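The next block holds one structure in the form of structure tokens; read it before the comments.
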Amino acid sequence: MYNSDIPTRADLPTSKQLLRSTVIAILAAAAILVTIVLPAEYGIDPTGIGRTIGLAEMGEIKKQLAEEAEQDHGAADRKSSLIERIFAAVWIKPAAAQTAPTGRSDEMTITLKPGEGSEIKLAMKKGSKVNYAWTASGGVVNYDMHGDAGGQETSYEKGRAKSGAEGVLEAGADGNHGWFWRNRDKTDVTVTLRTSGAYADIKRMK
């Protein structure tokens with residue numbers, strides 16, 4: 001025999017109360033979506049609250065970097081000529097399969113016009129490390145430090161409106177690893193990259 005009390009009909013919520021609770025839950029979810037999720041993830045801020053608390057800028061950075069990465073890598077795949085692909089297959093990839101030297105140093109300079117992007121890659125073995133430092137003169141750039149190996153791309157670091165960076169790049173796999181820069185200023189920007197460490201080749205991809 002059970003001692004639990006069975007609720008009476010009067011204790012159960014009415015249809016009106018359930019409807020009101022549902023409407024309140026929907027309105028609360030919509031408010032969170034508009035004031036927090038959209039500004040933080042997509043840079044969409046219809047109320048202005050996201051910009052006030054700093055979420056809109058975060059969303060704009062995420063959106064811009066994602067669009068640039070998709071646009072630049074997609075354009076590279078579509079626009080690369082057959083000669084460029086053959087050159088990369090003959091020179092870059094075989095070089096990555098070799099044992100990289102440990103004492104190589106290079107310096108490369110590229111000039112980017114407003115809106116222009118460019119990429120420099122190093123052929124590296126998995127676990128190899130390279131000391132790097134790059135500076136942008138004449139303005140600032142957006143950048144993406146990443147690696148291409150086995151048909152997959154791995155992003156190591158991204159930045160927006162930067163005048164330079166330095167550190168150690170460690171290859172996560174055998175392949176090509178390096179940087180992509182885009183000039184979002186209204187004047188030409190010159191990027192100078194200095195590298196030193198274990199890599200077999202260095203090449204401006206575009």
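Taking the criterion of being of a type in the set (A, V, I, L, M, F, W, C) and closer than 17 Å to SER118 by Cα, the residues of region 147-205 that qualify are ALA161, ALA165, TRP179, PHE180, TRP181, VAL189, VAL191, LEU193, ILE202, MET205. For region 166-188, residues that are surrounded by fewer than 16 Cβ atoms within 10 Å (Cβ to Cβ), in contact with a Lys or Arg (Cβ under 6 Å, 6 or more places away or on another chain) and in a strand (DSSP E or B) total 1. Suppose the filter is modelled with pLDDT under 95 and open to solvent by 40 Å² or more (accessible area, probe 1.4 Å); does SER163 pass it? Taking the combined requirement at face value, the residue does not satisfy it.
Of ASP148, ASP144, all but one fail to be among the acidic types (Asp, Glu) and touching a residue at least 60 places away in the same chain (Cβ under 8 Å); the exception is ASP144.
Evaluated against (1) within 18 Å of the chain's Cα centre (by Cα); (2) modelled with pLDDT of 95 or more; (3) not hydroxyl-bearing (Ser, Thr, Tyr), GLN152 falls short on exactly one condition, (2). Applying a threshold of 7 Å to beta carbon distances and a minimum spacing of six or more residues, or different chains, the list of pairs starting in region 158-181 at a residue that is under 21 Å from GLU107 (Cα atoms) and touching a residue at least 60 places away in the same chain (Cβ under 8 Å) and ending at one that is among the basic types (Lys, Arg) and assigned to a strand (DSSP E or B) reads ASN176/LYS121.
The values are calculated or read from the model by the stated rules, or taken from the named source; none is laboratory data. What you are looking at is a predicted structure, and each value in this text was computed from that prediction instead of being measured. All Cβ positions, glycine included, derive from the backbone under ideal geometry; neighbour counts span all protein chains shown. Please note that ligands, DNA and RNA were not included when accessible areas were found on the heavy atoms of the full protein model with its side chains. Shrake-Rupley method; radii C 1.70, N 1.55, O 1.52, S 1.80 Å.
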